[in-house]
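For reference, the structure is listed below as structure tokens.
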């Protein structure tokens, strides 16, 4: 059994931010990098399936510069068997469709039984790469999976909708599944595993044809501070009424 | 060149985000078409026949409930026939299942979690946030005549007013659905995980004594909210640690964060300030929570709580 | 990071007399156990606060004359030129950081037992102290009054020469000037007693004389208690204090305002168990409403928003701190830099004060292991040197106070990777449930601070819900292993009185419980009646008594000691704790030791009863607070069974244990042990603490030659 897990090294901002000269991205000096939280759940899910099957291979694949190998090492320390990193300068600031194109050739060449990715990355929050990748691979897909059971030629998954309602879906395999947080408890890597992960192979590949980017960042900026809270007037009963209206409005979508 | 809205529905009911998509569509150039893909699309056409909608395109499918291949193939059909310049979907679990695939397959422009769109020089500019909502960014789509956008719910007002749209049935090929709906499982109450709750009612020192907690526990239940709290109540043992919001507790990002009697210590704000809508009630007008809240009331929280209880 | 503009007012300068404070942060006079005779420890300790942004830093109470000798307790002294030299260090170091130095000139009267100097203290009336035993003062005649006022003047001149910018005429805590003001101490019938003007005379004259002597060069401060809570016998706000402020406002440059007398000065240095921050603000505000000169005062302030409110609401001009400056000498700087989540907040445990009350030892602080170690061990609370062996991975087993502190400091010292592995699902160890005891909520700050700091450290990873056995530790892949598995309350009645277990003691039975079983494991205390056996002597017994009695149980608190919770006298918590237990109807049985536990009853005998006659106490449940034991099973297995050689061949070059799993101790000491190991992780033998600097006089052999 071979499972490919797509992982991403995400950047997180602290309280301060500066932008690059062209203002199209944040200055990397202001970012702290780590493995995308969703991807550790995806990796854990892959490892559980491999361990349950008794044998198999979990391959971590990432699109990123050399530093991105740190995040991949995390997945390897958890137990992924090997990794592949895809990069070319064209991929700087790439949109998720472009990233999916970069992933597609490599993933296809692995002939996986299953492809897992996180629902979204914490820095871009596009929630798109996994689904786009599925299309490029010609594979069925389910997004936002909170439970996964492999069958014979199909898998039964839980797709979690807003508000917690679960859609039980039968999906033909091989398939691409985007994994939601909370599906499992990602295992911790001991220091030994972390050290061993340093020795594991990470292959570097160039992407194929990336096509036209699906979007381009024109500029990034700090959102203007609001004027502070809109204050609700009136007595307790009026305030309560308005609160209910606001809650109803926000919750119904 | 039209703007195509794909209506979202669940278990026979139109989802409110659809009305927001219509508002967004109306703000762009070109006629507005709304696609209703369902087993019985006729049951939903009235709900989307609103002022500003020019055309309703119904696609009848075999499947009762959403399946991503079905939607994708139906929308592909509509795109092939209509060549819309923008395809507007909600940034929802459903759309995550096919929107990006559509863009990848047809080579369209794409952006999701978009909260503002406008026309510029014949093209579209979309605005979304990056890096955990700390910065915003403007996106453009050079080289694309057609763009798939997943719009953030509650960013537009729902459209209203009766419309006079034409209704056209569109034939879609019978879809091979490789991911098939089997069953529903209702949402569980289960163990408290405040990080996944959509609505948090959060209490702080302002509630005074432990005895008062019960009133707010009941209010949370009545309002359909999950109870959370700031650190002092957890330190004092009134509330379990799993419910603590803050730097040494959990970081939450619910749709609604209703803060009652919380002053807004830095460590607490760090745990909730990116919540969708923050409503704060505190009797201190200088409380720091008002700096991050979207709505605030300087009021006696017990009185407000009592009044809220009456409404539910 | 930038300061929150709402806190700008805290950084506005303010004039006091001829001096200017660069901001509103003031370290109020407080003890540290160093005095004038450990001058380097004193200077380094005080300077740390100036480095941390305090605009003014005070000595502890500073004796003006050998007649004011508080031995066994440690005060500063300004008796002679050598004292001027010694305290001069403190002034120099403070000035280097732009802070003013203040000397709290003190004459204790009957409260100072003069056990070293063998002098006789003088007082307004001849009544023994309500605080010290066996100390009788000489009743002052006019000559005595002039002489003692002269002591103040000479001491003020010495203070000026040493470099102090502010000198106090200190009366709070019922010291001499306040004794004259207060009927409880002053039964005189001459012009220094009786009416308000008479009772105020001594203090006013002394201030005038000190002002004449040094007032052009030094700011004159007066520390006054506004209310002793003793009714008409004590100082009262309206009758004594406010008129005194009005009378002396012109000759005073700054008012230092608090409450309480001396015998219950925990009403001033409020434990968090009973009081929140800012307890004295109403009294401080009352004084500020009649004073034209600036008013300062303490209130265990840790929250800058509360400080701003105290100033904006007209209660204080200057925010003074004592204990919050011990737990975080860099409080002002962190507020200035907007680093509020780095503030190490005081928990109000009063462990620092307990050392002074015991008399002799230097202070310690639960939150800040470096308090008092600035000179002795060269520790800086905010600066950590990169470890020489930083190229190593560390496993810390157990995330209680010792483990958290060790992991945090190792992280700050740049160790390559630190894994803090904990069996439970969260950090804190015993500090997860101790703050759930009545009144101890603020003690959770021990955990909160470390959690936030560890979260910020990229090289420290916290791994919960993982219980490692010996094999797991051995194979974890660390080069350095620190075992911090904590301790537990004895389950068999083993205790420090009989040095034996107690027949029938067995906490596996449903009707016998240990503190952990109640607080952490949720074991139910059956029935209505419960006997708590407390051989410990600190807070666990009384806290559980309070908790169970509040829940409706009929509680008997038994101890072999003559007092319950004697250590709480040192933390100033005893009076109010006794009041609470009394109010809750807790039966207190002292001098008794159980001889046997049986279901339904405890048999106990009086410890001084030579015949050992047994009394019966009927009960439904027994709580064993007899003594703590180390959780050393893992350490022992690794050292004895697996063996150090086997560990070495796994690549483990360092194997240590810290905290309660080595020996049970105060939380302050557990944190200290984790801190020390981390500071010394790159010495030749980290297990053995490096020698610390001892300030003592070393006599060369030649000096013996006459």
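Values quoted throughout were computed directly from the atomic coordinates according to the rules given, and no laboratory measurement underlies them. On a predicted model such as this, the values are computed, not experimentally measured, just so you know. Virtual Cβ from ideal backbone geometry, glycine too; neighbours counted across all protein chains shown.
Tabulated results
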quantity: FRET efficiency, residue C:118 to residue C:465 (Cβ-Cβ, R0 56 Å, nearest 0.05); calculated: 0.35
quantity: Helix axis angle, B:17-26 relative to chain B longest principal axis, alpha carbon, degrees; calculated: 60 degrees
quantity: DSSP-defined antiparallel bridges as percent of all bridges, the protein assembly as shown, nearest 5; calculated: 30 percent
quantity: Between 0 and 90°, nearest 10: helix B:213-223 axis offset from chain B longest Cα axis; calculated: 10 degrees
quantity: Pairwise FRET efficiency - residue C:380 versus residue C:20, Cβ, R0 = 30 Å, nearest 0.05; calculated: 0.65
quantity: Normalised convex hull volume, segment B:254-301, alpha-carbon set, Å³ per residue; calculated: 56 Å³
quantity: The protein assembly as shown: C-alpha gyration tensor shape, a/c 1.5 cut-off, then a/b vs b/c; calculated: prolate
quantity: Label point distance in nm, residue A:161-residue C:212, each placed 7 Å from Cα along Cα→Cβ; calculated: 9.2 nm
quantity: Stretch gain in nm, segment residue C:95-residue C:390, where the contour uses 0.36 nm per residue and the Cα spacing is subtracted; calculated: 102.6 nm
quantity: Additional length obtainable on full extension of the chain from residue B:274 to residue B:168, 0.36 nm per residue less Cα span; calculated: 33.9 nm
quantity: Shielding of A:119-128 by partner chains, average beta-carbon count, 10 Å; calculated: 6
quantity: Normalised convex hull volume, segment C:551-706, alpha-carbon set, Å³ per residue; calculated: 293 Å³
quantity: Nearest 10 degrees, 0 to 90: helix C:401-412 Cα axis against chain C principal axis; calculated: 80 degrees
quantity: For residues of A:186-196, the mean tally of beta carbons on other chains within 10 Å; calculated: 6
quantity: Rg/Rh for segment C:170-291, where both radii come from Cα atoms and Rh is the Kirkwood radius; calculated: 0.97
quantity: Exposure proxy order (Cβ contacts within 10 Å, fewest to most) of A:2, C:693; calculated: C:693, A:2
quantity: Relative packing of peptides A:197-207, C:500-510 - highest average C-beta neighbours within 10 Å first; calculated: C:500-510, A:197-207
quantity: Segment B:142-273: relative contact order in percent, alpha carbon pairs under 8 Å with at least 6 residues between; calculated: 25 percent
quantity: Three-way shape call for segment B:85-140 based on the alpha-carbon gyration tensor, with the a/c threshold at 1.5; calculated: oblate
quantity: Sequence of C:115, C:90 once ranked by neighbouring C-beta atoms within 10 Å, starting from the fewest; calculated: C:115, C:90
quantity: Shape of segment C:489-629, Cα gyration tensor, a/c cut at 1.5; calculated: rounded
quantity: Antiparallel content of DSSP bridges confined to segment A:2-205, in %, to 5; calculated: 40 percent
quantity: Sorted by Cβ neighbour density within 10 Å, fewest at the top, the residues C:170, C:449; calculated: C:449, C:170
quantity: Sequence-separation-based contact order of segment A:2-205, relative, with Cα cut under 8 Å and 6+ spacing, percent; calculated: 26 percent
quantity: Shielding of C:422-431 by partner chains, average beta-carbon count, 10 Å; calculated: 1
quantity: Estimated FRET transfer efficiency when R0 is 35 angstrom, pair residue B:81-residue B:51 (beta carbons, to 0.05); calculated: 0.90
quantity: Extension gain (nm, one decimal) between residue C:694 and residue C:523, 0.36 nm per residue minus Cα-Cα; calculated: 56.8 nm
quantity: Tail weight of P(r) past 32 Å, computed on alpha-carbon pairs of segment A:2-205, percent; calculated: 14 percent
